[in-house]
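Visitor: Have a look at the structure that comes next, please.
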Amino acid sequence: MIRGIATETGTGKYEQLLMRCRSLDPVPTAVAHPCEAAALSGAIEAAQEGLIVPILVGPRAKIESTAKSAAIDLKNFEIVDTPHSVASASKAVALLREGRAELLMKGSLHTDELMAGVVSREGGLRTGRRISHVFVMDVPTYHKVLVVTDAAINIAPTLEDKVDICQNAIDLTISLGLERPKVAILAAVETVTSKMPATIDAAALCKMAERGQIKGAILDGPLAFDNAISRHAATMKGIDSEVAGDPDILLAPDLEAGNILAKQLSFLANADSAGLVLGARVPIILTSRADGVRSRIASCAVAMLAAHARRKKL
């Protein structure tokens, strides 16, 4: 078991991801404004695990003061001095555009400050695809890693937005080693009705997958949550589905549903969650001050695997 994870309880799902990282080189990572202990220690812990090579971008005096207070040794790590958080985000993005880094990691600045640098029309990291968020979750009561999307960025996604949200999640799960992930498109019911637009979106997404507009996965929906997660529940309702009871990805109808679902899994099912932003030029590691060691390390591990998969495509 990987150092730093062995002391925490877990189901082994994240540990399996970490084992896949052991043979890979650590990835240069721009860490934007790591000026609080949790943010700085998360980057250093990931470096000690061999996942990333952090470039610490922020006010040098604040970073060094934080390191001193938290007893963190920075002598082997590069610091790029900036005056404030907005400048930290801008400089971190610039390092990625210059090719000095391949991953972006959120420090102690606000998420909207970081994302403003990412989506900037001049000097940002936009692609032609919609940016979205995933929670990669280790749920003790589920038999494998579960991806929940989108729970943090797209408030009321259109059908076209959902195509990108879905494809982003599919591409990520493939980079984690799955050949053909299964996507459950969630709604309140499993039947298509014009009274519930989410069910129509779900049906359209499935047809789009059949026509090759969404690639690399098996889609089914609309599925109510019980039918998506429990094969028994699906069978009882007469649903014949490859996805029911075995999804790798849960595609929420909107941000509120996705956010509530992810937080319910965390607080009622004791799930750990790793957070990433996808759809930009590089994966973006989003960690919270409330995240434990397992979640912080898992976020970096997932991003590392995605970065190595991206290298193979270039």
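Every read-out reported here was derived from the displayed coordinates using simple, explicitly stated rules and does not represent laboratory data. Keep in mind it's a predicted model, so treat the numbers as computed, not measured. Using ideal geometry, Cβ is built from the backbone for each residue, glycine included, and neighbour counts are taken over all protein chains shown.
Visitor: Per Stokes-Einstein, at 20 °C and 1.002 mPa s, what whole-number D in µm² s⁻¹ belongs to region 1-126, with the Kirkwood radius over Cα pairs as the hydrodynamic radius?
Guide: Calculated translational D: 142 µm²/s.
Visitor: I've got another one for you. Suppose every Lys and Arg Cβ carries +1 and every Asp and Glu Cβ carries -1, with no other charges. What dipole size does region 128-279 come out with about its Cα centre, to the nearest 20 debye?
Guide: Its charge dipole is roughly 120 debye.
Visitor: To continue, here is another question. Over the chain, what relative contact order in percent results from Cα pairs under 8 Å that are six or more residues apart?
Guide: Answer for the chain is 21 percent.
Visitor: Now for a separate question. At most 16 other Cβ atoms within 10 Å and a DSSP loop assignment: could you name the GluC sites (Glu not before Pro) in region 99-139 that fit?
Guide: GLU122
Visitor: Obtain the nm distance between the two label points defined at ARG311 and ARG60 by a simple spin-label model: each point lies 7 Å from its Cα along the Cα-to-C-beta direction.
Guide: About 3.0 nm, to one decimal.
Visitor: On to the next question. If I build a Gaussian network model for the chain, linking alpha-carbon pairs within less than 10 angstrom, which residue out of ALA151, ALA203, ALA89 has the largest mean-square fluctuation?
Guide: Result for the chain, Cα springs under 10 Å: ALA203 fluctuates most.
Visitor: Can you compute the FRET efficiency between ASP73 and GLU256 using 1/(1 + (r/R0)^6), with r the Cβ-Cβ distance and R0 = 51 Å? Round to the nearest 0.05.
Guide: 0.75
Visitor: Within region 39-74, find all residues whose amide N lies under 19 Å from a label point positioned 7 Å from the Cα of SER288 along Cα-to-beta-carbon.
Guide: Under 19 Å, as judged by backbone N against the label point of SER288, lie 39-43 of region 39-74.
Visitor: Oh, and also: Counting Lys and Arg as +1 and Asp and Glu as -1, each charge on the Cβ, what is the dipole of the chain about the Cα centre in debye, to the nearest 20?
Guide: Charge dipole of the chain: 640 debye, to the nearest 20.
Visitor: With springs connecting C-alpha atoms under 10 Å apart, model the chain as a Gaussian network and identify which of ALA37, ALA116, ALA46 has the largest mean-square fluctuation.
Guide: The residue with the greatest mean-square fluctuation here is ALA116.
Visitor: Next up: How high is the FRET efficiency from SER120 to LYS144, r the C-beta distance, R0 30 Å, rounded to 0.05?
Guide: FRET efficiency, SER120 to LYS144: 0.20.
Visitor: Grab the eigenvalues of the alpha-carbon gyration tensor for region 128-279, scale each by 5, take roots, and send me the semi-axes largest first in whole angstrom.
Guide: Working from the Cα gyration tensor, I get semi-axes of 19, 19, 15 Å.
Visitor: Against the empirical 2.2 N^0.38 Å scaling, what ratio does the C-alpha Rg of the chain come to?
Guide: Against the compact-globule rule of thumb, the ratio is 1.00.
Visitor: Which pairs in the list LYS263/LYS312; LYS195/LYS237; LYS62/LYS312; LYS207/LYS312; LYS106/LYS263 are over 32 Å apart, alpha-carbon to alpha-carbon?
Guide: As for pairs spanning more than 32 Å Cα to Cα, those are LYS263/LYS312; LYS62/LYS312.
Visitor: Report the residue, chosen from PRO54, PRO197, PRO253, that carries the largest GNM mean-square fluctuation when the chain is represented by alpha-carbon nodes joined by springs under 10 Å.
Guide: Its mean-square fluctuation being the largest, the pick is PRO197.
Visitor: Go ahead and estimate [θ] at 222 nm for the chain from helices alone: -39,500 (n - 2.57) per DSSP H run with n ≥ 4, summed, over the residue count, rounded to 500.
Guide: Mean residue ellipticity, 222 nm, calculated: -13000 deg cm²/dmol.
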